[in-house]
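Data first, discussion second: the structure below is written as structure tokens.
No lab work stands behind these numbers, since they all come straight from the coordinates. Just so you know, these numbers come straight off a predicted model, no measurement behind them. For neighbour counting, all protein chains shown are included, and Cβ atoms are generated from backbone atoms with ideal geometry for every residue, glycine included.
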Amino acid sequence: MTSLRAQNDWPPVVVASVFQTGLNLMRDLLRRGVRTVGIDCDSSHEGFRSSYGKSYLCPNPDTHPDEWTAFMIVLAQKLGAKPVIIPAADIFVSALGKHVEALKDHYIFSLDSIAVQAALATKEQQYALAAQHGLPIPRTAYIQSRADLERFVSQARFPCLIKPRHQREWDALPAGNPLRGLKLTTADSAEQLLADYSHTEVLRPEVVAQEIIAGGDDAKYCYLSVYGAGSRRLGHTVVHELRAHPVLFGSGSIVEPVIDPEIATLCDNFLRGIGYVGICEIEVKRDTRDGIVRLIEANPRYSVTADASVYAGVDIGWLHYLDLIGQPVEPVEPTHLGYRHIVLRRDIPALPRYVEQGLLTWGQIRQTYRGKLAFFDFDRKDWRPTAATLKGCARVAAGTLLRSLGLRRKLPN
């Protein structure tokens, strides 16, 4: 029988990343009675202002790997028991994969799957694994030079896109670079795609190029899951994306749980096929041209959308913790489907774009805010992060009002 609460002598947890994603995981574990702390190399993240647990500022594992490893070892010793570590950001998935030998005696994590998780954290490797294990993908190429991209565009069907191997690679581009901070960039022609690539060619030449899967944001779905030893599925939820930010090519801003056996089976077969253990989100899109479900990307960690699974009755963070410490876990199916999960910091900026592009009316948007709602970044019990979210949303709403009055220029399409 699956335990509902932790016992006093069970190991603590270190959540790696205290952006709102990891903070929500900390909240859920703390509510189960698990002693939980967070770490992050970015002091602006919400966990440092939260009422949920304590967060520690750590060195950046990308730029100071030795210092990060030493910090993690000291932290494990301070906690007084060998802790479980659960990454909630790609930077820490990669770091754990690189430093597994140094950390395996100090932390509890899946040694069998850490290499697979690290591989899925890079776009070029996850698409290669998908192709090998029967998960359909759009035409994709790993680009290391302009010559590689020229070969791709000579055979590709446009529109196409390019995106970094890791989001943080474009986040680190110099100020003023048009690709800085973008998740991807799209192009309707070979010339445009090559011109976009020129902005990253010298600094970060490695990118992934893809044909775009046809369909709107409402053709996208996320498979939220956790697997235990032997790639045994412990729990999963499929959610349907209703909107995204940025429009068409961003992450889901509002989703609702659904029963979709095709997507659940396709993703389950893939993760079992690669011997996956741990938490994973797989974002897919049902191509409107042929109905084939194709991979957008996989996130081998606790993700923003993973928070929606908790409200469906599948607490994937808790199930993962139980499995790692050797407690029995009975597989869980979603039991609550009648709600929508909203990420305010994404959805509020997206709304005027949908209206201005003629994709939705304000009346249709109002309908999606009726009924039972769950929020990623609105928590009355954690007022400081919530206040920051509401302040940002208010700023966007004010800008929308000014544009409607002709006092601020329209947003670009």
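Within the chain, what's the longest stretch lacking chymotrypsin sites (Phe, Trp or Tyr not before Pro) that sit in DSSP loops with no more than 16 other Cβ atoms inside 10 Å?
1-338
Using modelled backbone amide H atoms (1.01 Å from N, in-plane), which distant-in-sequence or interchain residues come within less than 5 Å of R233's amide H?
G228
Of L344, F270, P334, whose Cα points farthest to the positive end of the dipole of the chain (charges on the beta-carbon: +1 Lys, Arg; -1 Asp, Glu; origin at the Cα centre)?
Ranked along the dipole, the leading option is L344.
Apply 1/(1 + (r/R0)^6) to the Cβ-Cβ distance of R366 and Q77, taking R0 = 56 Å, and write down the FRET efficiency to the nearest 0.05.
Using R0 = 56 Å, I get an efficiency of 0.60.
Roughly how many debye, to the nearest 20, is the charge dipole of segment 139-211 about its Cα centre, given +1 on each Lys and Arg Cβ, -1 on each Asp and Glu Cβ, and no other charges?
Value, rounded to 20: 220 debye.
Using a simple spin-label model with points 7 Å from Cα along the Cα→Cβ vector, what separation in nm is obtained for L402 and N60?
3.1
Would you pull out the residues with amide H under 5 Å of V293's amide H, same chain only if 5 or more places away, H placed 1.01 Å from N?
Long-range HN contacts for V293: D287.
Got the relative contact order for segment 159-203 handy, in percent, Cα pairs under 8 Å and 6 or more residues apart?
41
If you take mean projected area of the Cα convex hull in nm² from the coordinates, which of [x] 35.7; [y] 17.7; [z] 20.1 do you get?
Derived directly from the coordinates: [z].
Over the chain, how many pairs of lysines fall under 14 Å by alpha carbon, counting only those 8 or more apart in sequence or from different chains?
6
For segment 298-335 and segment 336-361, what is the separation of their Cα centres, given in Å?
If you average the Cα positions of each part, the centres end up 26 Å apart.
Which ordering of H236, H133 is given by a fewest-first count of other beta-carbon atoms within 10 Å?
Exposure proxy ranking, most exposed first: H133, H236.
For Cα pairs less than 8 Å apart in space and 6+ apart in sequence, what is the mean separation divided by the residue count of the chain, i.e. the relative contact order in percent?
Normalised by residue count, the contact order of the chain is 15 percent.
Give a residue-ordered list of calculated ³J(HN,Hα) values for segment 135-143 (Karplus: 6.51 cos²θ - 1.76 cosθ + 1.60, θ = phi - 60°; whole Hz; x for Gly, Pro).
Along segment 135-143, the couplings run 8, x, 10, x, 3, 9, 9, 8, 9 Hz.
Name the most mobile residue of L351, L79, L242, meaning the one with the largest mean-square fluctuation, in a Gaussian network model of the chain with Cα contacts below 10 Å.
The residue that fluctuates most here is L79.
Please list, in chain and number order, the residues 5+ apart from R35 or on another chain whose amide H is under 5 Å from its amide H, with Hs placed from the backbone.
Under 5 Å from the amide H of R35: V13.
For the residues I137, I259, I162, what sequence is obtained by ranking on other C-beta atoms within 10 Å, fewest first?
Going from least to most buried by this count: I259, I137, I162.
If you take the charge dipole of the chain about its Cα centre, with +1 on Lys and Arg Cβ and -1 on Asp and Glu Cβ, which of V14, A374, G97 is farthest toward its positive end?
Of the listed residues, the answer is A374.
On a full-extension model of 0.36 nm per residue, what is the gain between L373 and D148, subtracting their alpha-carbon distance, rounded to one decimal in nm?
76.4 nm
If neighbour count is taken as other Cβ atoms inside 10 Å, put S253, S3, S55 in order from fewest to most.
Fewest-to-most ranking of S253, S3, S55: S3, S55, S253.
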